[in-house]
1. Rg (Å, one decimal) plus Dmax (Å, integer) for the alpha carbons of segment 7-131?
2. Give me P(r) over segment 219-333, computed from all C-alpha to C-alpha distances, binned every 10 Å, as integer percentages.
3. Pulled fully out, how much extra length does the chain show between residue 317 and residue 115, if you take 0.36 nm times their separation in residues and subtract their Cα-Cα distance?
4. For a footprinting-style exposure proxy, rank 424, 269 by other Cβ within 10 Å, fewest first.
5. If each residue's Cβ is checked for other Cβ atoms within 10 Å, how do 411, 389 rank with the fewest at the top?
6. Under 5 Å between amide hydrogens, which residues at least 5 positions from residue 428 or on another chain qualify, with H placed 1.01 Å from N in the peptide plane?
7. Give the span of the chain's Cα atoms along each principal axis, as three whole-Å numbers ordered largest to smallest.
8. Viscosity 1.306 mPa s, temperature 10 °C: give me the Stokes-Einstein translational D for segment 157-215 in µm²/s, with Rh taken as the Kirkwood radius over C-alpha pairs.
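Derivation of every value follows stated rules applied to the coordinates shown; laboratory data play no part. None of the values given here were measured: they were computed from a predicted structure. Every residue, glycine as well, gets a Cβ built from its backbone with ideal geometry; the counts of neighbours run over all protein chains shown.
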Amino acid sequence: MASTLNHTHDAAARSWVASANAPGCDFPIQNLPLAIFHRADSNEPLRGGCAIGEQIVDLAALAGTGLLAGDAQTACEACAQPALNGYFALGSRHWRALRHALFDLLRDNAPADTKDRVRTCLVAQSDAHYGLPARIGDYTDFYTSIHHAINVGKLIFPDNPLTPNFQWLPIAYHGRASSVRVGQPGFGFTRPSGQAMAPGAAQPAYGPCARLDFELEMGFFIGPGNPLGTPIPIAQAQEHIAGMVLLNDWSARDHQFWEMNPLGPFLGKNFCTTVSPWVVSLEALAPYRLPFTRPAGDPQPLPYLDGEANRAGGSIDVQLQVRLDTPAHRECAAQPSAIARTSFRHQYWTIAQMVAQHTVGGCDLQPGDLLGTGTVSGPTPQEAGALVELSKGGRAPVTLDATGEQRGFLEDGDTVILRGWCEKDGAARIGFGECRGTVLASQGS
Ligand code: MN
């Protein structure tokens, strides 16, 4: 099971890659997340890599060293591709074999000649440009934070913000896979244009989005998946989750709120979604699992959404932070302003419940499909994962601590930076790195 602890979780383990042992490092030897990369501005093929400290182990190079064998070698060869779909399809036995083999190669007590050979496979992360972890066939975005649902619902239905289905099933919409990008330094997208209906107006107006927002989310990639007509039971759901990322579901609120009644989000959400480059495995997250619970008085999940393993450790305590970097920050060389901080543990539904719900009607999930968790908002106002919540629909703009600027919604040139990490006494820090993107001015309407 992905939640069982083993020697790769030993908080005392150190790597011979010195930067992996630095306090606060996102990528110590206990993490070992995978990404698709090549050297920036090079013609090198994209291929898989594993983060260790500030370095990347080039898995295409490693596959040719003869240092690995068996399932680990098979898994490494599957990573020597421009996308990780083939690796995701192999399943948890191979994922574990590669993780454990990389742990042995990178541990400080590895033989000297092993270190020398692995050293030839290292690329500095500062030299890397990242590709999408997988060819994403389908992307689905859930809506599983009860705090987010109530905060947003109140803006529209103040007396009855929560829809009757929310506490009974993890609700979602089918998103757009073609516009998913890696949220890395230098990435920007154009402010979308579309229709919006202003309050009290007689007809909608067409133009650039006036209420552009981010959504702090996590995402996860599907592993082997299931045949059409064969649901994935909740007890097996974790075997179908290849790993987790940070996800920003950029949202055009004015377009979204006009168009989504009655069929749900369309252009308000389909112009761009960003994910962090590094895919963190469930095995790496095992020390941070928490019991799934329901507040007293809330309905218990129906049996197909319930189970012993989910009750024991279905939730995950991932700390999440949103920072905003604006042109004014850059002019005065100020650090980005922190505007929200929360944890993934507050979600009402778990990732295993999302997989079970997605497939219960027989829908087939494919290796590399991306599932978003929905905005992660915690119980207090400062823990809201979107500006529409933080600024109460724009009526109470957020003040940025570094510059004193105010934001109801995003302005051109603003960069949103999502960060995620797990940390506690007795366990190694497991970081997700960053997911960042910049709003570029509308091309004109
Ligand atoms: Mn969303």
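1. 13.5, 39
2. 10, 25, 33, 25, 5, 1
3. Working it through step by step, the gained length comes to 69.4 nm.
4. Lowest count first: 424, 269.
5. 411, 389
6. Result for residue 428 returns 11.
7. 74, 55, 40
8. Estimated diffusion coefficient is 101 µm²/s.
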